[in-house]
Amino acid sequence: MNEADPQLIEATGGAGLAARLDRTNELLQRMLVEVAKTPSTHAIFVDAGYVYAAAGLLVTGTEDRRSFDLDAEGLIEAFIDKARTIFADSRLLRVYWYDGARRRIHTTEQQAIAELPDVKVRLGNLNANNQQKGVDSLIRTDLESLARHRAISDAALVGGDEDLVSAVEAAQGYGARVHLWGIEAAEGRNQAEPLLWEVDSQRTFDLDFCRPYVTRRPVTTYEDDTPAPSREDVRFVGAQIAAAWLAARGRESLADLLPGHPYLPGSVDQDLLVEAERLLQHSLRGHAHLRRALRDGFWQHLQAQY
């Protein structure tokens, strides 16, 4: 049996290796072309609680949502336009709008926002003190999931809570860049420093940017030349409001409220006063004994249901 020529084997093997390298290079070139054709994608994540508080305080001097109207549609469009400028070679996936609601049931305003194109509303809960619960975890879940599946390359996060740091870290761990957007603080800062340290870039929207989207509501006043209601009338109205409060929030909300008896959280007490004045058509400001009767009626009804 004749031995094969080593030089022939070397030449043949070299040609095969070169052919394989050429094939590999060709496949890599095709892949790079396809990647180049695929646009970058960004999404905007808005903590609505932060936006209402920060924009309301900046424009109207109060964080109380009942004192002003926010043009959410106009503001969302402004965020989209700003993102279009910043991420010029990227396409928008969608805007995520995170807010709180009693038993996670959409309010009329939240329903209108949910119907906007390219907007998804995510709802956390509201406790008895009107504080959002579960919103930060929703933001983290969405940020992390989209980054893990390479659905986004950039995330614009509108918020300021330190609890969002873990969401930023999770998204960055999968290669996404997170850009923190904030609203100018009336004084000091309205975004946590640890959050500012973690993000890839920061941007602040000033008063001129926010003013077109925030409008102060007219203050309701009542004539005081009519006789003041009796303590029993006010107590009855307090019980009436308590019944409506309980129906809207459910019995589980009592667990947050009852330990504070005889005091009410500031937000609940303010809601009680405003609603009582509306029903009585008379101001209770300056009538401390009537306000005590109002709270007594409110508490009496709640305790009777416990």
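The values are calculated or read from the model by the stated rules, or taken from the named source; none is laboratory data. Since this is a predicted model, take the numbers as computed values, not measurements. All Cβ positions, even for glycine, are placed from backbone atoms using ideal geometry, and neighbour counts span all protein chains on display. Side chains are part of the model used for accessible areas, which takes the heavy atoms of the whole protein and leaves out ligands, DNA and RNA. Shrake-Rupley method; radii C 1.70, N 1.55, O 1.52, S 1.80 Å.
Remark: Asp271 matches the filter, which requires a residue to be assigned to a helix (DSSP H, G or I), outside the structural domain of His106 (by the TED database), acidic (Asp, Glu) and open to solvent by less than 60 Å² (accessible area, probe 1.4 Å). Among residues of region 82-102 that are among the β-branched types (Val, Ile, Thr), those with a Cβ under 9 angstrom from a residue that is open to solvent by 40 Å² or more (accessible area, probe 1.4 Å), sequence gap 6+ or separate chain, pair up as Ile86/Ser201; Ile86/Arg203; Val95/Asp118; Val95/Lys120.
Does region 237-258 contain at least one residue that is part of a loop (DSSP other than H, G, I, E, B) and not assigned by the TED database to the domain that holds Arg104? Yes, region 237-258 contains a residue that is part of a loop (DSSP other than H, G, I, E, B) and not assigned by the TED database to the domain that holds Arg104. Scanning region 65-118 for residues that are part of a loop (DSSP other than H, G, I, E, B) and touching a helix residue (DSSP H, G or I) at 6+ places or on another chain (Cβ under 7 Å) returns Asp71, His106, Leu116. Step by step: first the residues of region 287-306, then only those that are part of a helix (DSSP H, G or I) and of a type in the set (Phe, Trp, Tyr), then the one that is surrounded by the most Cβ atoms within 10 Å (Cβ to Cβ). Which residue is that? Filtering first and then ranking leaves Phe298. Scanning region 98-124 for residues that are open to solvent by 60 Å² or more (accessible area, probe 1.4 Å) and closer than 17 Å to Leu157 by Cα yields a total of 3.
All of Thr204, Thr141 fail the test of being assigned to a strand (DSSP E or B) and surrounded by fewer than 18 Cβ atoms within 10 Å (Cβ to Cβ), apart from Thr204.
No other residue among Glu252, Glu223, Glu232 is open to solvent by 50 Å² or more (accessible area, probe 1.4 Å), modelled with pLDDT of 90 or more, over 27 Å from Leu70 (Cα atoms) and not aliphatic (A, V, I, L, M) apart from Glu232. Scanning region 161-201 for residues that are in a loop (DSSP other than H, G, I, E, B) and more than 21 Å from Gly56 (Cβ to Cβ) yields a count of 5.
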